[in-house]
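The values are calculated or read from the model by the stated rules, or taken from the named source; none is laboratory data. Given the structure is predicted, the values throughout are model-derived calculations rather than measurements. Every residue, glycine among them, receives a Cβ derived from its backbone with ideal geometry; neighbour counts consider all protein chains shown. Just the protein is used for accessible areas: all its heavy atoms, side chains included, with ligands, DNA and RNA removed. Shrake-Rupley method; radii C 1.70, N 1.55, O 1.52, S 1.80 Å.
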Amino acid sequence: MKESLRHIFSLGCKEIVGLFRDPLLVVLIIYAFSVNVYMGAKSVPDAISNAAIAIVDEDGSALSKRIGDAFIPPLFLKPEKISRADIDKVMDQGRYTFVVVFPPSFQEKVLARDNPEVQVNVDATRMSQAFTGNGYIQQIINREVNSFLGEETQSDGPVYSANIIIRNRFNPNLTKSWEGAVSELVNNIAMIALILTGAALIRERERGTLEHLMVTPVKPVEIMISKIWSMSLVVLVVTGFSLFMVIHQFLSIPIAGSFWLFMLGVLINLFAMTSLGIFLACFARDMPQLGILMILVLMPMQILSGGTTSQANMPEIIQFIMRFAPTTYFVEISKAILFRGADFGLIWKSFVQMFLLGGVYFFIALRRFRKSVAS
């Protein structure tokens, strides 16, 4: 037993040293857990910020001015007044993403319940802002019109209506960067774990190191465990750095739950993903083939695991298939701990399921690794 532990430790240290001798992999790790996480937080496509907007007010009423004043930062820049004749010109120049046109007698028709039309011109070449901002504009106009009608009606007599109060839990301001940063971190953990373990095995095979190891008393299971613990340690360290320094300190995203409980979830997820990385490397002859296999496996896992889109919106067959992906459980654990402050008692089932799935991946990978070494 002591001899096996010594082999595992020595081989793992060799893997870490070999990793730091590969400058491209080191740069990839640093980039993935720093710049890439920052970009994932700041480039969320479904959020608008400081959208340029102009208003054509042909009514000049209190209601149209009230709606114009409702377009405020940080969603919109301060609206500028233009004339109807300037609409085509400024839209062709790309000066504004939105131009809102209030027709004559707009307030009069609203009070008469005549349902007047408000024209919203959108520069659809700015796709992310155009798609989301159009919905914000509709909500703002409807809100101000309903509020205005309520005030006018109350001046004539008492009105009793329902007052809906919405409270957003865990992310009160609906800040998109929170989810973007964490989703990017979760995706990078899976990606780097697969790349490091797969590349370590391919590198030994290409250099003939694996054949040299097999003529020593070292067993295949010891080789595999050494790669898993060494690469998991590297990813675990950079994950902790990225979560605390980049996400929490630099991006000012709060961590509601336990940092160490999240790191335990990362460790179990790495156990499963590194085992999967070795399994894929057993089928690949070189790094290009490994890259193709990783694309075929990693992309569906990242897209369908629930980090970007809720699995409840997916077909049931997709939901069933993704229960066999460790990233599905890791996404659940990450959001529960970091955003909702969940403790172990609330999410222990996801921990157990992810650990059991990792164990299945480990034994499948070990069996395949032994066959690969024997051949």
>> Among the listed residues Lys349, Lys335, identify the single one that is open to solvent by 10 Å² or more (accessible area, probe 1.4 Å), outside any loop (DSSP other than H, G, I, E, B), touching a residue at least 40 places away in the same chain (Cβ under 8 Å) and more than 30 Å from Gly12 (Cα to Cα).
In response: Lys335
>> Show me the helices (runs of 4 or more DSSP H) found entirely inside the range 206-321 where at least 1 residues are under 23 Å from the mean Cα position of the chain (by Cα) and under 30 Å from Ala181 (Cβ atoms).
In response: 220-241, 259-281, 287-304
>> Quick test for you: out of Ser34, Ser43, Ser49, pick the one residue that is among the polar types (S, T, N, Q), modelled with pLDDT of 90 or more and surrounded by 13 or more Cβ atoms within 10 Å (Cβ to Cβ).
In response: Ser34
> Which pairs do you get when a residue that is more than 30 Å from Asn173 (Cα to Cα), found in the range 73-98, comes within reach of a residue that is of a type outside the set (Gly, Ala, Ser) and part of a loop (DSSP other than H, G, I, E, B), reach meaning Cβ atoms under 8 angstrom, with the pair 6+ apart or on two chains?
Replying inline: Arg84/Glu58; Val90/Ile82; Val90/Tyr96; Met91/Asp123
> Considering the range 71-104 alone, what residues qualify as being within 18 Å of Phe148 (Cβ to Cβ) and loosely packed, with under 15 Cβ neighbours inside 10 Å?
Replying inline: Ile72, Pro104
> Condition test on Val100, is it hydrophobic (A, V, I, L, M, F, W, C), within 30 Å of Met245 (Cβ to Cβ) and modelled with pLDDT of 90 or more?
Replying inline: no
> What about Ser252, is it at positive phi and either touching a strand residue (DSSP E or B) at 6+ places or on another chain (Cβ under 9 Å) or of a type in the set (Gly, Ala, Ser) (or both)?
Replying inline: yes
